[in-house]
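I have placed the structure first, in the form of C-alpha cells, so that the comments after it can refer back to it.
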Amino acid sequence: MTADLSQRIVGFDLWHLELPVVSRRDHGIGSVAGTVEVVVLRLTAEDGTQGYGEAACWSVFTGSPEASLAALDRYICPLALHRPLVEAAGMMEAAARVVAHCTEAKAALETALLDLVGRVAGLPVWALLGGCAQAEIPLSVSLADPDFGADLALLDRLRADGVGIVKLKAGVAGHRFDLERLERLRRDHADIAIRVDYNQGLGPAEAAACLRDVATFRPDFIEQPVAASQFALMRRLREAIDVPLLADESVFGPEDMLRAIAEGICDGVSVKVMKAGGLRRAQSVAQMAAAAGLSAYGGDMFETGLGHLAGAQMIAATPAIGLGCEFYQARYYLAEDILAQPFPIREGRVVVPPGPGLGIAVDTDRLARFSRRTLTREAA
Ligand code: MG
C-alpha cells in the first residue's frame, strides 16, 4: 500500500503534564524538585494515524508550560488543521511567523508532524531527516543533587549500567564545593569522562578564576559559565582557558549560532530541539557549528522519553553532533515515564529505535494520570 500523505490533519489533543521526579536538582539558573511539567501534543490524520510531540519547558530557561499550551492551542495547531501531511514544512514556516519565541511549542509541532508522517509512510523519523549516521549515541548523565552523597550512589548505579560520561552541575553552592566534587570524581572514578556545566551561574568578577581552577581537572568541556547575553565575556573566558568552552543558553537557534560564530564565543554548542524550535533547525545549528570548526553536543531540557525520542532521532541523522547526548531523565530522573516501553539505553548508549515515526508509542493511560489539564480539538 502506498503511503497517503495527501490526507489531512483532522484534530489535535494537548496535555499539560506534571510528572513526579526522584530528587532535587540545583542548577545555576534555578532548582527543580518534586515535579517537572511538560506539554504533549497529539495530531490525528484522516485515517486515524496519530503523531506525538513534546514541549519540554523550564520557565527560567526557555519558557513556561502555560505559554507552550496556549501557543499550541491558540496559534500553532490551528495552522495544521485541514492541511495535508505533505505540507508539513509549510506548517512549520507558518508556525515560526504566527507567534514569537515559544520554541518548545514549535518543537512539539514538528515532532508530532514527523512522527505522524513517519507512521503513515512506514519510515523512522531519522529516515525523513536524511538517514542514520549514528544508531547509538553515548549517554551523559548530569550530577546536580545538593546532597553529593546521593549523586555518588547514583554514580555507582550509572557505572553498573555502563554509563561512561557525567556532567557536573556547578556554580550553585560555591566554588569550594565544585572543586571538592571534582577531586572526588577524579580520585574515585579516574576512567569516567567529566564535563562541567554552570548554567550561567558565575558572575563576571569571579568567572575567569573559577574556570582556571576547574580547567586543571581537564574536563571534556566547560558549559555556559555566565549569563546567556554575555557574549563578549564568553569570548574572553574562552581565551583564558585551554579547555573547550561550550555555549548552551547563549545559543537557541541558527540565528544565535551565526552570531556566536561571528563573535567567537565558544568552541562548541549544546544543540537542543526545544531551544531551536524543531528538529530541522536543531540540525542546522549543528551543521553551522561544524562548518565553523566547532563541536556539538546533544543537550535536552527536563524531558520525558517522548522528548528524548525527538532528540535521538535528530542526532541519529546529524553526524555533526559528536559529543553524545544527555537523554537521561526518562530512565534516571522521572519517577515514571510516559512511553509504553522504556526509553532505549544499553551499556551507556542511547539506542535509536528503528521503527516507524519516533519508534515507540506513548502510554495514553499515563497521559491521563499525570494531566493537570487536557484539551481536545476536533477539526470543524
Ligand atoms: Mg547546559
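The values are calculated or read from the model by the stated rules, or taken from the named source; none is laboratory data. In this text the structure is predicted, and so the values were computed from the model without any measurement. Using ideal geometry, Cβ is built from the backbone for each residue, glycine included, and neighbour counts are taken over all protein chains shown.
Find the residue count for the stretch 1-40, including only residues that are among the small types (Gly, Ala, Ser) and under 19 Å from Asn199 (Cα atoms).
Total satisfying the criteria: 5.
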field: Criterion: assigned by TED's automatic domain parsing to the domain that holds Arg369, surrounded by fewer than 17 Cβ atoms within 10 Å (Cβ to Cβ), aliphatic (A, V, I, L, M) and assigned to a helix (DSSP H, G or I) - qualifying residue of Ala70, Ala89, Ala95
entry: Ala89
query: Which of the residues spanning the stretch 276-323 are closer than 16 Å to Leu139 by Cα and in a helix (DSSP H, G or I)?
result: Gly305, Gly307, His308, Leu309, Ala310, Gly311, Ala312, Gln313, Met314, Ile315, Ala316
- prompt: Any residue in the stretch 163-172 that is at pLDDT 95 or above, within 15 Å of the ligand (Cβ to nearest atom) and more than 16 Å from Asp26 (Cα to Cα)?
  reply: yes
Test for Ser270: is it free of Cβ contacts under 8 Å to residues at least 60 places away in the same chain and surrounded by 23 or more Cβ atoms within 10 Å (Cβ to Cβ): yes
message: Please pick out the residue among Asp191, Asp178 that is assigned by TED's automatic domain parsing to the domain that holds Ser140, among the acidic types (Asp, Glu) and in a loop (DSSP other than H, G, I, E, B).
response: Asp191
field: Matching entry among Glu239, Glu326, Glu255 (being at pLDDT 95 or above and surrounded by 20 or more Cβ atoms within 10 Å (Cβ to Cβ))
entry: Glu326
- request: Determine which single condition Trp126 fails, assuming it passes every other condition in (1) outside any loop (DSSP other than H, G, I, E, B); (2) within 16 Å of the ligand (Cβ to nearest atom).
  value: (2)
query: What tally of residues in the stretch 19-28 results from selecting those that are crowded, with 18+ Cβ neighbours inside 10 Å and either in a loop (DSSP other than H, G, I, E, B) or within 16 Å of the ligand (Cβ to nearest atom) (or both)?
result: 4
- prompt: When the stretch 247-267 is examined, which residues are found to be away from the ligand (no atom under 14 Å from the Cβ), farther than 22 Å from Gln313 by Cα, among the small types (Gly, Ala, Ser) and in contact (Cβ under 8 Å) with a residue 12 or more places away in the chain?
  reply: Ala260, Gly264
- prompt: When only residues in the stretch 205-228 that are within 16 Å of the ligand (Cβ to nearest atom) and part of a loop (DSSP other than H, G, I, E, B) count, which is surrounded by the most Cβ atoms within 10 Å (Cβ to Cβ)?
  reply: Pro225
